[in-house]
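To start, the structure itself, in structure tokens.
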Amino acid sequence: MSPLTGAAVQAVSPQEGGLASGVSSTTRQIGAVLGVAVLGGIVHTRESGGASFESALDSAFLTAGAVTPACTVFTGLWLTAEQSGGRAVGEPPLTASPGRLTS
């Protein structure tokens, strides 16, 4: 996770480096907590339904295995849209006509 935090800090101005580091750390911690809570909930629900612990754990791992690629695709699409300035991929950049410039 250290390279990820470093990339976040380098992507902003020096005045916002602490903020970027804090947001990166908080996001990582929230993701870990939610992951444990959701997967633990799946295991508990499956065990309450009569499944063995091993079967319940298999269900949790299958869920994590399905969510991970979906989030990867979502993040890739989001980053692509970010790099194009929020416009759709392939859409030309917005330009102002010379006579319509305002300050």
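Here are some notes:
- Label-point separation in nm, V38 to S55, each point 7 Å along Cα→Cβ: 2.4 nm
- Spin-label pair Q15-T27: with each label point 7 Å from Cα along the Cα-Cβ axis, the two points sit 2.2 nm from one another.
- Using the Karplus relation 6.51 cos²θ - 1.76 cosθ + 1.60 with θ = phi - 60°, the per-residue 3J(HN,Hα) values for the range 34-46 come to 5, x, 5, 5, 5, 5, x, x, 5, 4, 5, 5, 5 Hz, with x marking Gly and Pro.
- Derived scalar couplings ³J(HN,Hα) [the range 15-29; Karplus, 6.51 cos²θ - 1.76 cosθ + 1.60; whole Hz; x for Gly, Pro]: 5, 9, x, x, 4, 5, 5, x, 5, 4, 5, 5, 4, 5, 5
- Formal net charge of residues neighbouring F53 (Cβ-Cβ distance under 14 Å; K, R +1; D, E -1): -2
- Residue-level accessible surface for T45, protein heavy atoms, 1.4 Å, Å²: 90 Å²
The values are calculated or read from the model by the stated rules, or taken from the named source; none is laboratory data. Predicted model, so just to flag it, every value in this text is computed and none were measured. Here Cβ is always computed from backbone atoms with ideal geometry, including for glycine, and neighbour counts include all displayed protein chains. To get the accessible areas, we keep the full protein, side chains included, count just its heavy atoms, and leave off ligands, DNA and RNA. Shrake-Rupley method; radii C 1.70, N 1.55, O 1.52, S 1.80 Å.
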